[in-house]
Amino acid sequence: MCMEGFFERETIDCGICTVPCVTCETTRITCLTCVENGLNRNPAPDCNCIDNYYGFEDTCLPCAHTCELCKYEATYCTKCYGTGEHRTSNLPDCECEEGYFDDGEDDCKPCEYPCVTCETTKDTCLTCIFELESRHPAPSCECMDGEFEEVDYHCLPCTWKCATCETTNVNCLTCVSANRSAPVCDCDDGWFGLDPLPECHKCHKFCKTCELTPENCLECLDDPHREDAPNCACIAGYYHDDQDSICKAC
């Protein structure tokens, strides 16, 4: 008689039982008792792991949520877990259809614009919409700085005054240079620009606003003792006080 863990062969010698059998008869896989009997295994003589589990050494471990049946490892499916919710039946991966991602549960959820394909989350893009356009690469897929996304989802250039913009080309989020203020990004009061050059230049100290040259005032500093624009100098009998920026009597 063979020892426990062995079976008697026709050649009258003993062959060793193999996992999942602890004891066996006739063949090495015709089990009498199973390893970890009752723990996610079918009863003897089968002793294989139940559906949705796979054998690893002498233990039955759960398959991934994508698999109804698996082998070797949790994600190597031999049958997919449902294919009605945008999941393919392509073995062994059972991946989601294009445009959907696996949320780690049972269903495949849709990717969101600007992703064509995504993974892990709806906005972690693998590929982007309109990939030939100048977009940041996946996973962000956003329009490049200096461009905005219009209603048909194409990236178009912002106006030259905007470093970044949104919705329209003139709705600036940030400006192309200092001394400009979003959303319009014209030069601030006291500064003038020579369009389309980005820099703003300081107006003369008499001017509230100016154009073309520092001395060509459009508006004067608020002061009743100044000449009208474009000169804006102090009237006779007054001088410009640099500290207070007003005209004071001589």
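Residues that are of a type in the set (A, V, I, L, M, F, W, C) and closer than 26 Å to Val170 by Cβ were ranked within the range 109-146; the one that is nearest to the chain's Cα centre (by Cα) is Cys141.
For beta carbons closer than 8 Å, sequence separation of 6+ or different chains, a first residue in the range 3-29 that is of a type in the set (Lys, Arg) and a second that is not in a loop (DSSP other than H, G, I, E, B), the qualifying pairs are Arg9/Gly15; Arg28/Phe7; Arg28/Gly15; Arg28/Ile16; Arg28/Cys21.
Going residue by residue through the range 179-193, is there one that turns out to be closer than 21 Å to Cys162 by Cα, hydroxyl-bearing (Ser, Thr, Tyr) and surrounded by fewer than 17 Cβ atoms within 10 Å (Cβ to Cβ)?
Yes, because at least one residue in the range 179-193 is closer than 21 Å to Cys162 by Cα, hydroxyl-bearing (Ser, Thr, Tyr) and surrounded by fewer than 17 Cβ atoms within 10 Å (Cβ to Cβ).
For first residues located in the range 100-117 and over 14 Å from Ala64 (Cβ atoms), partners that are of a type in the set (Gly, Ala, Ser) and lie 6+ apart or on another chain with Cβ distances below 8 Å form the pairs Pro110/Gly99; Cys111/Gly99; Cys115/Ala138; Val116/Gly99; Thr117/Gly99. Only one of the numbered conditions (1) over 30 Å from Lys208 (Cβ atoms); (2) modelled with pLDDT of 85 or more is not met by Thr174, and that is (1). Of the strands (runs of 3 or more DSSP E) entirely within the range 1-112, those holding at least 1 residues that are surrounded by fewer than 18 Cβ atoms within 10 Å (Cβ to Cβ) and in contact with a Gly (Cβ under 9 Å, 6 or more places away or on another chain) occupy 6-8, 14-16, 21-24, 59-62, 67-70, 108-110.
The values are calculated or read from the model by the stated rules, or taken from the named source; none is laboratory data. Only a predicted model underlies this, so the values are computations on that prediction, with no experimental measurement involved. Backbone-built Cβ (ideal geometry, glycine too); neighbour counts: all protein chains shown.
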